[in-house]
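Novice: A single structure is presented below for examination.
The values are calculated or read from the model by the stated rules, or taken from the named source; none is laboratory data. Worth saying up front: this structure is predicted, and the values here are computed from it rather than measured. Note that we place each Cβ from the backbone using ideal geometry, even for glycine, and neighbour counts take in every protein chain shown. Ligands, DNA and RNA are excluded from the accessible area calculation, which covers all protein heavy atoms including side chains. Shrake-Rupley method; radii C 1.70, N 1.55, O 1.52, S 1.80 Å.
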Amino acid sequence: MTSRVALVTGGGSGIGRAICVALAEAGHRVAVADIDQRSAAATAESIGSSALTVAMDITNGASVTDGVSKVHQEFGAVEILVNCAGWDELKPFTATDEEFWERVIDINFKGMLRTVHACVPHMTEAGWGRIINISSDAARVGSSMEAVYSGAKGAVISFTKTIARESARSGVTANVVCPGPTDTPLLDGIIAASDNGEKVMNAMARAVPMKRVGQPDEVAAAVMFFASDGAGFTTGQTISVSGGLTMA
């Protein structure tokens, strides 16, 4: 695999951290981007000299632009972009308000728009690029208590297909990985905030044919395929890493 420059949002913990580690182990230079600079620095430190800490708030256009510029200055143009940053809370749709909608959409959808907008021109100019967007199985089948999140993650899939079409002749691919329930700090926070966390967690595991939640490195493995040189003829695709929760 050719050594590339990768940028991972949400790289400070969970799935994002596992992706950063996997990319570094494959020989890539990795920019670990996160709104929590301390967690991003911890990921980068665990990787070593091939990693760069980037403080990035994906809900802020200037922060995204500044972060991408830092990567360009330190490592060069971004060749592999992984949008992993995300956020949600379990709530019935009727218990949410517009402020909640805006936050969920801004983090889970518009943040990805900002990073792709900042990175695609350089990929197109270079004639090579990999965009991997992390969506969710909630986008594919729906998920009770996650109406707005499911909608935002569904938008990620549709947007990625369109970018794949627009960029196909430029050597840039765009694909989606949809995790099912995965053992991450985000899931821990969602469970902790629910009225009956243990019941919710058990229900998630029972719904999966393998009867367990996934691990971050299992999601990272799918990302690594899409990021590889060998995936140059694979674009506009969505793959679930969910223990069989989604089979379509």
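Novice: Taking 0.36 nm per intervening residue step and subtracting the Cα-Cα distance, what contour gain separates SER69 from ILE239 on full extension? Could you put the intermediate results ahead of the total?
Specialist: Details: separation 170, 0.36 × 170 = 61.20 nm, distance 3.06 nm.
Additional length available on full extension: 58.1 nm.
Novice: Here's a follow-up. Under a crude label model (7 Å from the Cα following the beta-carbon direction), how far is PHE225 from PHE100 in nanometres?
Specialist: 3.6 nm
Novice: Now for a different question. Cut-off under 20 Å on the C-alpha distance; same-chain residues fewer than 8 positions from LYS211 excluded. Which lysines are left, in chain and number order?
Specialist: By straight Cα distance, LYS211 reaches LYS199.
Novice: While we're on this one: Write out the chymotrypsin sites (Phe, Trp or Tyr not before Pro) in segment 201-248 meeting two conditions: DSSP loop, and at most 14 other Cβ atoms within 10 Å of their Cβ. Mind showing how you got there, number by number?
Specialist: Details: sites: PHE225, PHE226, PHE233; in loops: PHE233.
The qualifying sites are PHE233.
Novice: If you average the sequence gap of Cα pairs under 8 Å that are 6 or more apart and divide by the length of segment 39-192, what percent do you get for the contact order?
Specialist: Details: 203 pairs, mean separation 36.1, N = 154.
So the answer I get is 23 percent.
Novice: Still on this structure: In debye, nearest 20: dipole of segment 24-91 around its Cα centre with unit charges on the Cβ of K, R (+) and D, E (-)?
Specialist: On the way: 4 positive and 10 negative charges, 19 e Å.
Using only the charged Cβ atoms, the result is roughly 100 debye.
Novice: Another question, if that's okay. Restricting to lysine pairs 8 or more places apart or on different chains, what number in segment 38-179 have Cα atoms under 26 Å apart?
Specialist: Working: LYS70/LYS110; LYS91/LYS110; LYS91/LYS153; LYS110/LYS153; LYS110/LYS161; LYS153/LYS161.
Qualifying lysine pairs in segment 38-179: 6.
Novice: Now, a different point. Taking H as built 1.01 Å from N, whose amide H comes closer than 5 Å to the amide H of LEU81, not counting residues under 5 places away?
Specialist: LEU7, ARG130, ILE131, ILE132
Novice: Give, rounded to the nearest 20 debye, the magnitude of the charge dipole that the chain has about its Cα centre when Lys and Arg contribute +1 at Cβ and Asp and Glu contribute -1 at Cβ.
Specialist: Values: 19 positive and 26 negative charges, 144 e Å.
It comes to approximately 700 debye.
Novice: Select from segment 121-191 those trypsin sites (Lys or Arg not before Pro) which occupy a DSSP coil region and have at most 15 other Cβ atoms within 10 Å, ordered by residue number.
Specialist: On the way: sites: ARG130, ARG140, LYS153, LYS161, ARG165, ARG169; in loops: none.
Answer in residue order: no site qualifies.
Novice: Put +1 on the Cβ of every Lys and Arg and -1 on every Asp and Glu Cβ in segment 49-149; which of PRO121, ALA55, SER143 then has its Cα farthest towards the positive end of the dipole?
Specialist: PRO121
Novice: Separate question: With a ≥ b ≥ c the root eigenvalues of the C-alpha gyration tensor of segment 1-67, is it rounded (a/c under 1.5), prolate (a/b larger than b/c) or oblate? Before the final figure, lay out the partial values.
Specialist: Details: a/c = 2.03, a/b = 1.51, b/c = 1.35.
Note, shape of segment 1-67 comes out prolate.
Novice: Please give the Cα centre distance for segment 117-158 versus segment 30-88, rounded to the nearest Å.
Specialist: Here the answer is 18 Å between Cα centres.
Novice: Given Cα pairs under 8 Å that are at least 6 residues apart, what percent is the relative contact order of segment 132-247?
Specialist: Details: 175 pairs, mean separation 40.5, N = 116.
Value for segment 132-247: 35 percent.
Novice: Sticking with this structure for a sec: So, with a 1.4 angstrom probe, what is the percent of accessible area on the chain that is carbon and sulfur? Let's see the in-between values first.
Specialist: Values: 5910 of 11410 Å².
Reported share for carbon and sulfur atoms: 52 percent.
Novice: Here is a follow-up. Rounded to the nearest whole Å², what accessible area per residue is found for the chain with the 1.4 Å probe? Don't skip to the end; give the middle numbers.
Specialist: Working: 11410 Å² over 248 residues.
Ligands and nucleic acids excluded, the result is 46 Å² per residue.
Novice: Where is the GNM fluctuation largest for the chain (alpha-carbon springs, 10 angstrom cutoff): GLU25, GLU79, GLU218?
Specialist: Of GLU25, GLU79, GLU218, the most mobile in the Gaussian network model is GLU25.
Novice: I want the local charge near ALA18. Using Cβ-Cβ distances under 14 Å, sum +1 for each Lys or Arg and -1 for each Asp or Glu among the other residues.
Specialist: On the way: positive: ARG17; negative: GLU25, ASP34, ASP183, ASP217, GLU218.
Within the 14 Å Cβ shell, the charges total -4.
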